[in-house]
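No lab work stands behind these numbers, since they all come straight from the coordinates. Since the model is a prediction, treat every value here as computed from it, not as a measurement. Note that each Cβ is placed from the backbone with ideal geometry, even for glycine, and that neighbours are counted across all protein chains shown.
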C-alpha cells in the first residue's frame, strides 16, 4: 500500500491528480473498518488529517475535516443534535463531516441536515480548481456521488437563510451508538417548514409534498400534524434490509416528522 500524508491541500490535490484511484483518509471511521475486515485493500491512500484548512469552520462554511465532536458544539442546532448521535465519543473525535458526505451512505447522520439547509458541497481538483455542487446534484445514489476521480471534498457551504429552529431525531436498533433505521431533520423559518429524511431512499430526500401541505396551513392543528405523518410515510422510498423493513421505515418516518414539526413549534 502506498501512503501519502499530505501537509496541505495543494499536496493532497497533486497526489489525487497523479493517483485518481487513491482512497482519501480523514477520520478513517469508514475506510479502516473495511480494511480491518479485509473487505477492501486500497493500493494508494492519501491522508488529509494534517491539512489545517480543512478544519476551518464558520456559520457559512464547514471544512470537510471538521470532526463530529466539534460539530456537537457548533452554530447549527440540528447539525449539533445529529453529531451527538454519531457513534461513540472516540468515533466523534475522529470522524469528519467530509467523510460522511463522501461516503454518501443513505444512513449518514449529517446528510438530512445538509438537505434541509439546502447546503452545497465544495470540491476541488488540481486541474480545474474549486466548484460548488448543490446537494441534490452531489448525492446520486446509494454511496454514490458526482465527485470526479481527481477531486477532494473541501467544505459544506451553508446558505445565509438557514432557519434557526432546527430539530433532529433518528431511530435505530438500540438507543445509542447506532446506525439509523430512519433519520429526520425539521427546520422552521420565515419561509415555512423544511423536512428532510435519511435511510428512507437511495439519497437524502426532502419531503416536498408534506412541506407544501404544512406551509399552506395558517394554524398547525393536530389534524395537520397527522396529515404530515401520512404524507411523509407515502413520500419516502425505503427498502427492506437487515436493519429494518420497508413498512416500519414508512411508519417511523411519518412519526418522526410529526414529532419534530410539533417540537419545532415550542
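Between rounded, prolate and oblate, where does the stretch 165-264 land on the alpha carbon gyration tensor, with a ≥ b ≥ c its root eigenvalues, rounded for a/c under 1.5, else prolate if a/b exceeds b/c?
Taking the square roots of the gyration eigenvalues as a ≥ b ≥ c, the stretch 165-264 is prolate.
Label-point separation (nm) for residue 148 and residue 216, each offset 7 Å from Cα along Cα-to-Cβ?
Each label point lies 7 Å from its Cα, and together they span 4.3 nm.
List 259, 266 from most exposed to least, where exposure is judged by having the fewest other Cβ atoms within 10 Å.
Ordered from fewest to most neighbouring Cβ atoms within 10 Å, 259, 266 come out as 266, 259.
Just grab the label-to-label distance for residue 140 and residue 49, each label 7 Å out from Cα along the Cβ direction, in nm (one decimal).
Output for this residue pair reads 3.1 nm.
At a 10 angstrom cut-off on C-beta neighbours, averaged per residue, how do the peptides 154-161, 204-211 rank from highest to lowest?
204-211, 154-161
What is the gain in length, in nm to one decimal, between residue 173 and residue 73 on full extension, counting 0.36 nm per residue of separation less the C-alpha to C-alpha distance?
My answer for the length gained is 33.4 nm.
Suppose each label sits 7 Å from its Cα in the direction of the beta carbon; what would the residue 58-residue 239 distance come out to in nanometres?
Roughly 4.0 nm, to one decimal.
Could you identify which residue out of 237, 249, 174 has the top mean-square fluctuation in a GNM of the chain using Cα springs shorter than 10 Å?
174
Would you mind ranking 75, 150 so that the residue whose beta carbon has the fewest other beta carbons within 10 Å leads the list? Kindly include the intermediate steps, with their values, before the conclusion.
Numbers: 75 15, 150 20.
The order, fewest Cβ neighbours first, is 75, 150.
Helix 222-235 sits at what angle to the longest principal axis of the chain, using alpha carbons and giving 0 to 90 degrees rounded to 10?
40
Considering only 72, 234, 148, give the residue with the highest GNM mean-square fluctuation for the chain, with springs between Cα atoms whenever their separation is below 10 Å.
Among 72, 234, 148, the largest mean-square fluctuation in the Gaussian network model of the chain belongs to 148.
How far is the Cα center of the stretch 35-100 from the Cα center of the stretch 182-221, in Å?
26
Can you sort 79, 256 from fewest to most other Cβ atoms within 10 Å of each residue's own Cβ?
By the 10 Å Cβ count, ascending: 256, 79.
Compute the long axis of helix 9-18 from its Cα atoms, compare it with the longest principal axis of the Cα atoms of the chain, and write down the angle in degrees, 0 to 90, nearest 10.
80
Report, in deg cm²/dmol and to the nearest 500, the calculated mean residue ellipticity at 222 nm for the chain, where each DSSP H run with n ≥ 4 adds -39500 (n - 2.57) and the sum is divided by the residue count. All intermediate terms of the calculation are to be shown ahead of the outcome.
On the way: 11 runs with 92 residues, N = 266.
After summing the helix terms and dividing by residue count, I get -9500 deg cm²/dmol.
Distance between the C-alpha centers of the stretch 128-171 and the stretch 224-266? Whole Å please.
23
Compute the helix-to-body angle for 246-264: its Cα long axis versus the longest principal axis of the chain, expressed 0 to 90° and rounded to tens.
80
Order of 104-117, 2-15 by packing, highest average Cβ count within 10 Å first? Walk me through the numbers before you get to the answer.
Numbers: 104-117: 25.6, 2-15: 16.5.
With the highest mean Cβ count within 10 Å placed first, the list reads 104-117, 2-15.
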